[in-house]
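A short worksheet on the structure shown next.
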4 protein chains.
Amino acid sequence: MPRAERERQMMDAGVRVFGERGYRAASMDEIAELAGVSKPLVYLYLNSKEDLFTACIRRESAALIAAVRAGVRVDVPADRQLWDGLTAFFAHTAEHPDGWAVLHSQARSGGDPFVAEVVAMREEIVAFVTSLIAAAAREAHGDPELAEREVAGLAQALVGAAEALAGWANGDDSVSAREAAATMMNFAWAGLGNLMAGARWSVPDAS
Amino acid sequence: MPRAERERQMMDAGVRVFGERGYRAASMDEIAELAGVSKPLVYLYLNSKEDLFTACIRRESAALIAAVRAGVRVDVPADRQLWDGLTAFFAHTAEHPDGWAVLHSQARSGGDPFVAEVVAMREEIVAFVTSLIAAAAREAHGDPELAEREVAGLAQALVGAAEALAGWANGDDSVSAREAAATMMNFAWAGLGNLMAGARWSVPDAS
Amino acid sequence: MPRAERERQMMDAGVRVFGERGYRAASMDEIAELAGVSKPLVYLYLNSKEDLFTACIRRESAALIAAVRAGVRVDVPADRQLWDGLTAFFAHTAEHPDGWAVLHSQARSGGDPFVAEVVAMREEIVAFVTSLIAAAAREAHGDPELAEREVAGLAQALVGAAEALAGWANGDDSVSAREAAATMMNFAWAGLGNLMAGARWSVPDAS
Amino acid sequence: MPRAERERQMMDAGVRVFGERGYRAASMDEIAELAGVSKPLVYLYLNSKEDLFTACIRRESAALIAAVRAGVRVDVPADRQLWDGLTAFFAHTAEHPDGWAVLHSQARSGGDPFVAEVVAMREEIVAFVTSLIAAAAREAHGDPELAEREVAGLAQALVGAAEALAGWANGDDSVSAREAAATMMNFAWAGLGNLMAGARWSVPDAS
DNA sequence: AATGAATGAGGTTTCATTCAT
DNA sequence: CATGAATGAAACCTCATTCAT
């Protein structure tokens with residue numbers, strides 16, 4: 001069996017076990033057994049537990065981003081792009097729950113080197129969303145009305161909302177990717193539109 | 001030294017170490033040392049690593065919810081309640097980063113018994129947000145326009161967005177609690193308002 | 001509460017816990033709790049786990065020997081003395097199963113100092129049985145026919161048989177002390193009588 | 001070194017240390033060191049302290065029973081069979097004092113799972129002795145005169161006497177296996193013979 | 001007379017990792 | 001290419017024992 005194939009099997013097993021147990025609680029024994037190979041082979045190909053986990057994070061990150069990219073066409077309006085991206089995102093996380101668990105829960109609690117990996121991926125998505133918001137603003141007014149810092153916060157919030165909905169939809173499998181995406185668009189897009197139009201919410205009097 | 005105070009010290013140390021390292025990577029040795037006591041005393045008072053972690057989760061959950069409740073008055077409009085709750089939330093998480101790390105990152109990746117604890121707390125917050133959205137809808141039209149399931153998704157999204165902004169604001173401490181709350185309100189409230197008014201976003205044509 | 005009474009309670013608890021769990025597996029915590037006192041008091045009165053166990057062994061040894069002695073009258077024939085002693089022995093072990101467990105199982109596996117204690121007690125019983133056999137031999141022929149070494153072996157065997165029957169009778173409580181004693185007498189006395197009469201079993205031809 | 005041989009070494013060490021110290025007082029460190037391997041290897045091959053002890057008990061039980069069986073021929077009179085079995089038994093226990101300590105002292109005080117193991121072995125021996133007594137009764141009268149319950153008690157007593165003599169002979173190594181077996185036969189066989197002939201010992205008058 | 005508070009030492013077990021073949 | 005054999009290090013946890021009050 002060629003090396004690439006073996007490596008894929010090992011990483012499949014890694015994603016599965018890391019996703020279920022977390023980085024520390026996962027054991028190389030279990031991963032090797034699930035991959036159907038001996039432990040020394042795992043070390044020969046993937047070097048160490050840390051490297052294996054990093055490789056898993058990178059592979060799943062790349063797969064998620066590729067899925068979102070593949071779902072989005074650049075020649076359509078910004079809201080359509082966001083809709084397509086969200087749909088692809090929810091569909092992918094639903095189809096790869098272990099990969100999503102690795103990225104969303106496990107990598108984040110695994111300590112420095114892993115957090116950095118996943119932060120990098122998240123920033124790529126945030127940047128994509130940021131560009132969509134900016135594009136939408138341009139489409140609406142020809143000129144960005146929103147301060148850069150404000151857009152950054154909005155993009156973080158939007159991505160966070162999507163992550164939460166992914167967990168919610170995965171936990172209750174009667175929620176489809178389209179339904180989750182629709183909730184997101186209804187939740188976010190109108191607010192964004194108002195913002196772009198210059199409307200701001202302001203603290204009402206408490207008394 | 002009386003037992004209650006010692007227990008508090010131990011849990012302080014537990015929150016700190018669990019928050020930084022995660023459940024599995026944290027060692028009882030380090031926690032005991034940080035608390036300034038011997039390991040057997042930790043076991044005598046708190047029983048086991050699992051019980052200690054659970055106790056930490058519960059204490060931090062209760063503190064967070066108490067802080068939010070304390071920030072909200074019930075005799076003000078729904079949007080003001082949401083604003084106050086968000087401000088209190090962001091202020092509390094900024095002041096207790098380890099506690100927030102325990103609740104947000106570590107408890108979620110620690111496996112069944114801990115996930116259940118944190119899910120219970122999150123549901124309490126989601127229920128609060130849900131009630132606010134429903135109240136706002138009543139205030140706006142005297143009649144809830146939104147389906148229950150739709151509200152549930154919106155509340156999940158809103159809470160997720162707030163969680164993401166808490167992490168973002170904590171990472172970059174130039175973002176104040178008020179600023180984060182303002183971002184949330186601008187992001188979420190207008191969208192909710194539109195929804196309540198019956199406006200829906202619909203998939204535009206892709207071509 | 002007077003000290004003697006407290007000590008008795010502690011030793012009662014000790015016999016119970018040591019009998020059930022063994023010396024190593026017994027914990028001073030459990031003993032103190034069962035005795036209804038605090039641990040430091042146990043140490044104040046009985047010094048150490050080793051001393052406590054030794055005290056338990058001694059008390060139970062003394063009680064067993066006293067019970068056997070109390071059952072035997074010296075002015076009756078040797079077989080009657082043996083019968084009375086056996087009856088008293090089986091009755092006492094049945095009424096004090098924890099004490100018997102301490103003497104028979106636990107003290108023997110606890111290592112040097114405890115083995116010595118129980119060996120001393122056993123030798124007292126063996127000596128009593130030996131004297132009975134010798135007396136019976138004198139009664140029968142006016143002159144001991146049996147070599148001292150031979151008598152020693154017989155006494156060991158008889159005591160071992162009685163110990164085994166005590167365990168057997170205790171495990172199955174439909175066997176009374178009298179029945180066990182009768183079994184012993186039927187098993188042992190006739191053989192002893194034959195021996196005293198000079199009859200010896202000799203190896204038959206195997207072919 | 002092949003696994004089977006390593007396992008044998010570990011169990012040799014286990015029998016030695018368990019026999020000397022008892023189950024609880026024995027430490028896996030000492031066993032591993034005596035076996036000349038590291039502790040993790042012991043756990044890899046034998047799973048746990050409990051499993052190791054169980055394995056030792058089973059191996060020594062099997063060895064003892066095999067030794068007795070090998071010493072007995074089935075085509076000879078019952079008393080000859082008993083003599084041969086006793087001789088084999090005393091010879092084996094004298095040659096394997098640690099194994100005998102494990103079976104006789106340590107397994108019995110180790111708590112439920114171990115007691116069950118050794119009780120099973122003892123019952124096999126008791127059954128063998130029981131069958132011999134029954135065979136002897138048939139040889140003597142063509143018809144068993146003894147009640148089943150009575151035979152059971154006699155077999156227990158006989159085995160207990162043999163166990164006691166094994167300890168006695170081991171402690172004083174001038175007593176050979178043949179001598180111990182002769183004592184047993186003289187002690188037991190005549191009594192059994194009388195019983196089969198219908199003679200019973202009855203309580204004499206005490207006055 | 002009695003105890004709540006505290007610990008040093010040592011136990012079993014697991015795991016990432018390497019070597020010789 | 002692949003593995004059976006092996007381990008150093010460290011984790012969780014328990015226990016007999018003491019001290020200050």
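Values computed for the structure shown
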item	result
Test result for A:G14, of a type in the set (G, A, S), touching an Asp or Glu at 6+ places or on another chain (Cβ under 6 Å) and not in a loop (DSSP other than H, G, I, E, B)	no
Subset of the stretch C:181-207 [part of a helix (DSSP H, G or I), touching a residue at least 12 places away in the same chain (Cβ under 8 Å) and more than 7 Å from chain D (Cβ to nearest Cβ)]	C:A181, C:L192, C:G193, C:M196
Some residue of the stretch B:109-132 being over 14 Å from the mean Cα position of the chain (by Cα), buried (at least 21 other Cβ atoms within 10 Å of the Cβ) and β-branched (V, I, T)	no
Wholly enclosed helices (runs of 4 or more DSSP H) of the stretch A:43-136 bearing at least 2 residues within 16 Å of DNA strand E (Cβ to nearest atom)	A:49-71
Selected residue (only one of D:A161, D:A155, D:A166, D:A135 is touching a residue at least 24 places away in the same chain (Cβ under 8 Å), buried (at least 16 other Cβ atoms within 10 Å of the Cβ) and away from chain C (no Cβ under 11 Å))	D:A135
Selection status of D:G36, under 24 Å from D:R122 (Cα atoms) and not acidic (D, E)	no
Residue match in the stretch C:18-38 (condition: touching a helix residue (DSSP H, G or I) at 6+ places or on another chain (Cβ under 6 Å), within 14 Å of chain D (Cβ to nearest Cβ) and in a helix (DSSP H, G or I))	yes
Number of the exception - A:A70 against (1) more than 10 Å from chain B (Cβ to nearest Cβ); (2) hydrophobic (A, V, I, L, M, F, W, C); (3) touching an Asp or Glu at 6+ places or on another chain (Cβ under 9 Å)	(3)
Residue among D:V72, D:V42 that is at pLDDT below 95 and not charged (D, E, K, R)	D:V72
Residue in the stretch A:120-131 that is touching a residue at least 12 places away in the same chain (Cβ under 8 Å) and facing another protein chain (nearest Cβ under 9 Å) present	no
Residue ID - farthest from DNA strand E (Cβ to nearest atom), chosen from residues in the stretch A:1-17 that are within 19 Å of A:Q106 (Cβ to Cβ) and away from every other protein chain (no Cβ under 14 Å)	A:D12
Counted residues, the stretch A:32-42 - those being surrounded by 15 or more Cβ atoms within 10 Å (Cβ to Cβ) and within 8 Å of DNA strand E (Cβ to nearest atom)	2
Residue in the stretch B:88-106 that is nearest to B:A25 (Cα to Cα), counting only those that are over 11 Å from the mean Cα position of the chain (by Cα) and more than 9 Å from chain A (Cβ to nearest Cβ)	B:D98
Any hit, the stretch D:85-92, residues being within 16 Å of DNA strand F (Cβ to nearest atom) and surrounded by 22 or more Cβ atoms within 10 Å (Cβ to Cβ)	no
Test: residue in the stretch C:147-158 that is outside any helix (DSSP H, G or I) and more than 22 Å from C:A101 (Cα to Cα)	yes
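The values are calculated or read from the model by the stated rules, or taken from the named source; none is laboratory data. Values in this document were obtained by computation on a predicted structure and should not be read as measured data. Quick reminder, even Gly has a Cβ in these numbers, built from the backbone with ideal geometry, and neighbours come from all protein chains shown.
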